[in-house]
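J.: Handing you a structure now.
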Amino acid sequence: MDFSLTPEQEQFRESVRRFAEKNLAKGARERAHSSDYPWDVARLMAGQGLLGITVPEADGGQGGALIDAVIAIEAVASACPKSADVVQAGNFGPIRVLAEYGTKLQKERYLKKLLAGESVISVGMTEPEAGSAVTDLQTTATADKGGYRVNGSKIFTTHSKYAELMLVYVRFGPGVDGIGSVLVDTKGQGVRFGKPSKFMSGEEWVQTYFENAFVPADMVLLKEGGFKKQISGFNVERVGNAARSLALGRYAYEAARAWAMQRKQFGRLLCEFQGLQWKFSEMKIKLDAAQLLLYRAAVNADRGFPSAEETAIAKAFCNQAGFDIANESLQVMGGLGYTQEELVEYCVRRCRGWMIAGGSVEILKNRIAEAVFERTFSQRAGKS
Ligand SMILES: Cc1cc2nc3c(=O)[nH]c(=O)nc-3n(C[C@H](O)[C@H](O)[C@H](O)COP(=O)(O)OP(=O)(O)OC[C@H]3O[C@@H](n4cnc5c(N)ncnc54)[C@H](O)[C@@H]3O)c2cc1C
């Protein structure tokens with residue numbers, strides 16, 4: 001057993017860190033407080049080979065492993081927390097599902113622009129009546145001359161304000177087996193947006209309505225019966241989500257650590273008070289534990305998808321640890337931590353959202369309990 005990165009991984013981490021320090025550290029605060037997608041950063045990252053790290057070379061990616069993409073998130077976030085979203089969008093989210101299951105035509109049409117940092121793809125799963133119970137989704141795809149008519153609506157979709165392409169979970173028929181997914185051009189006919197709303201993080205989202213939107217048959221990504229495959233791919237998104245929780249927790253911790261070594265009260269440095277030392281010890285324990293769980297999930301995925309159980313454990317722990325650490329760091333920094341002069345309060349707000357997004361901490365714990373007891377537990381009323 002070896003708990004260190006390989007020399008190649010260390011080298012990659014250093015090169016991304018240097019790139020991020022040089023290009024992203026300046027402007028990190030402005031980026032965090034803007035609700036726009038940082039397109040300039042996306043293009044820069046594309047040029048640096050940081051988009052499509054895990055996408056095969058034949059599809060225009062780098063052909064790397066999931067752990068490489070995790071390392072990239074960590075290195076980028078250490079200089080600019082918001083820019084870690086671009087690494088997520090270009091490696092972990094629906095882009096990875098498209099690269100895995102998409103046809104040659106779908107990849108040719110969309111992947112190139114996504115990998116160039118010129119567009120972004122969103123994923124629409126959640127609906128007003130289907131949140132944690134995602135298999136209750138009601139958006140339908142009904143066969144119609146050479147394609148499908150899609151009807152329904154999606155909420156809380158990240159990137160929904162500007163994504164040109166949306167991977168939409170749809171129902172081709174009844175039950176879990178009736179669920180699949182389609183690729184929808186969001187500028188197409190029959191796609192309408194509601195008024196913009198904001199998450200606590202400052203990110204904007206819009207409700208997306210599909211009103212008889214036509215999707216050609218060749219834009220079906222996964223047909224009915226594809227739900228399990230879709231969720232396997234979604235575990236990659238969860239690893240990216242966990243990585244950002246941990247990375248932003250670490251960002252806040254580093255800011256608080258530096259502050260504790262320079263700020264004096266009662267004639268002493270903050271780091272000399274035992275009450276604060278113990279906070280740092282607890283944060284350090286959480287950082288190390290979260291790191292190990294995250295790397296286990298990523299490394300064991302090798303070049304494929306991560307295991308559902310290891311991903312659930314890593315995400316549940318990183319989400320909670322990232323939030324707790326960012327929150328304690330804010331406390332250590334006192335009034336300054338609570339202001340927008342520092343990015344610590346931003347890290348708190350962002351980490352809070354990841355405890356809900358992409359499978360809430362509670363839903364992940366349900367999944368872990370199934371592994372513990374080696375049986376399933378239906379969450380549905382009247383079933384056990
Ligand atoms: C920042 C952010 C980004 C998001 N991005 C996207 C996106 O890009 N695409 C997308 O489709 N969706 C997105 N979502 C939506 C997200 O996936 C849902 O919010 C999430 O699945 C929870 O659904 P809900 O909000 O309807 O809460 P509910 O399902 O109503 O749950 C409410 C509470 O009850 C708990 N709960 C529910 N069922 C159980 C149970 N069986 N056992 C124990 N506890 C339970 C939940 O954990 C939660 O705490 C995003 C959400 C956030 C906050």
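The values are calculated or read from the model by the stated rules, or taken from the named source; none is laboratory data. These numbers were taken from a predicted model, which means no experiment stands behind them. Counting neighbours? That spans all protein chains shown, and the Cβs are built from the backbone with ideal geometry, glycine included. Each accessible area value is taken on the protein alone, full model and side chains, heavy atoms only, with ligands, DNA and RNA left out. Shrake-Rupley method; radii C 1.70, N 1.55, O 1.52, S 1.80 Å.
J.: Which shape class, rounded, prolate or oblate, goes with region 1-74 when its Cα gyration tensor gives a ≥ b ≥ c as root eigenvalues, a/c under 1.5 marks rounded, and past that a/b bigger than b/c marks prolate?
T.: Oblate, since a/c reaches 1.5 and b/c is not below a/b.
J.: Expressed in whole Å with the largest first, what are the equivalent ellipsoid semi-axes of region 59-171 derived from the C-alpha gyration tensor as the square root of 5 times each eigenvalue?
T.: 27, 18, 12
J.: Just the number, please: carbon plus sulfur as a percent of the accessible area of the chain, 1.4 Å probe, no ligands or DNA/RNA counted.
T.: On the way: 9250 of 17940 Å².
Heavy-atom surface of the chain belonging to carbon and sulfur, 1.4 Å probe: 52 percent.
J.: Enter the Cα centre distance for the pair region 276-304 and region 310-384, rounded to the nearest angstrom.
T.: 14
J.: In 5 Å bins starting at zero, report the fraction of Cα pairs in region 270-376 per bin as a rounded %.
T.: Computed distribution, short to long bins: 2, 12, 17, 19, 18, 13, 9, 6, 3, 1.
J.: Which value in deg cm²/dmol, rounded to the nearest 500, describes the helix-derived mean residue ellipticity at 222 nm for the chain, given -39,500 (n - 2.57) per DSSP H run of n ≥ 4 and division by the residue count? Don't skip to the answer; put the middle values down first.
T.: On the way: 13 runs with 186 residues, N = 384.
The per-residue figure over the chain is -15500 deg cm²/dmol.
J.: Work from the charge dipole of the chain (Cβ charges, +1 for Lys and Arg, -1 for Asp and Glu, about the Cα centre) and give the residue of L276, G322, G63 farthest towards its positive end.
T.: L276
J.: Please give the solvent-accessible surface of W205 in Å², to the nearest 10, using a probe radius of 1.4 Å with every protein chain present.
T.: Per-residue accessible area (W205): approximately 30 Å².
J.: Let me ask something else. Determine the relative contact order of the chain: mean sequence separation of Cα pairs under 8 Å and six or more apart, normalised by residue count, in whole percent.
T.: It comes to 15 percent, rounded to a whole number.
J.: Based on the alpha-carbon set only, what is the convex hull volume of the chain divided per residue, in Å³?
T.: Numbers: hull volume 56.9 nm³, N = 384.
Looking at the chain, the number lands at 148 Å³ per residue.
J.: Dipole magnitude of region 303-384 about its Cα centre, charges +1 at Lys/Arg Cβ and -1 at Asp/Glu Cβ only, in debye to the nearest 20?
T.: 500
J.: Under the rule of at least 5 residues apart or a separate chain, name every residue whose amide H is placed under 5 Å from the amide H of L221.
T.: Here S181, V182, L183 satisfy the definition.
J.: With contacts defined as alpha carbon pairs under 8 Å and 6 or more residues apart, what's the relative contact order of region 18-73 in percent?
T.: Relative contact order for region 18-73 comes out at 19 percent.
J.: Sticking with this one: Assuming 0.692 mPa s and 37 °C, estimate D for region 144-210 with Stokes-Einstein, Rh taken as the Kirkwood radius over Cα pairs, in µm²/s.
T.: On the way: Rh = 13.0 Å.
My calculation gives 253 µm²/s for D.
J.: Projected onto the charge dipole of region 157-197 (+1 at Lys/Arg Cβ, -1 at Asp/Glu Cβ, origin at the Cα centre), which of Q189, L165, G175 gives the Cα projection farthest towards the positive end?
T.: Q189
J.: Same structure again: Need the C-alpha centroid separation for region 21-96 versus region 120-138, integer Å.
T.: 25
J.: Next question. Leaving out ligands and nucleic acids, and using a 1.4 Å probe, what accessible area per residue does the chain come to in Å²?
T.: 47
J.: Take the cross-link list K22/K365; K223/K315; K145/K187; K228/K279; K264/K284; K315/K383 and give me the ones stretching past 30 Å between alpha-carbons.
T.: The answer is K22/K365; K228/K279.
J.: How large are Rg and Dmax for region 336-383 when calculated on the C-alpha trace, in angstrom?
T.: Cα-based Rg and Dmax for region 336-383 come out at 17.1, 52 Å.
J.: Using the per-residue mean of other Cβ atoms lying within 10 Å as a proxy for protection, in what order, highest first, do the peptides 236-245, 323-332, 76-85, 367-376 fall?
T.: 236-245, 76-85, 323-332, 367-376
J.: Can you tell me what share of the DSSP beta bridges in the chain is antiparallel? A percent to the nearest 5 is fine. Mind dumping the intermediate values first?
T.: Numbers: 30 of 35 bridges.
Antiparallel bridges make up about 85 percent of those DSSP assigns within the chain.
J.: Using unit Cβ charges (K, R positive; D, E negative) and no other charged atoms, how large, in debye to the nearest 20, is the dipole of the chain about its Cα centre? Show your work: numbers first, answer last.
T.: Values: 48 positive and 44 negative charges, 102 e Å.
Result for the chain is approximately 480 debye, rounded to the nearest 20.
J.: Once the whole set of protein chains is in place, how much accessible area is left on F3, using a 1.4 Å probe, in Å² to the nearest 10?
T.: Number for this one is 150 Å².
J.: Right, next: Once a ≥ b ≥ c are taken as the square roots of the eigenvalues of the Cα gyration tensor of region 238-319, is the result rounded (a/c under 1.5), prolate (a/b larger than b/c) or oblate (a/b not larger than b/c)?
T.: On the way: a/c = 4.19, a/b = 3.17, b/c = 1.32.
Here region 238-319 falls in the prolate category.
J.: Shape call for region 172-318 from the C-alpha gyration tensor, a ≥ b ≥ c root eigenvalues: rounded (a/c under 1.5), prolate (a/b greater than b/c) or oblate?
T.: Details: a/c = 4.23, a/b = 1.98, b/c = 2.14.
Oblate, since a/c reaches 1.5 and b/c is not below a/b.
J.: Could you order the peptides 289-295, 270-276, 183-189, 92-98 from most to least packed, using the average number of other C-beta atoms within 10 Å per residue? Don't jump to the answer; show the numbers that get you there.
T.: Values: 289-295: 19.3, 270-276: 14.3, 183-189: 16.9, 92-98: 27.0.
Ranking, from highest mean packing down: 92-98, 289-295, 183-189, 270-276.
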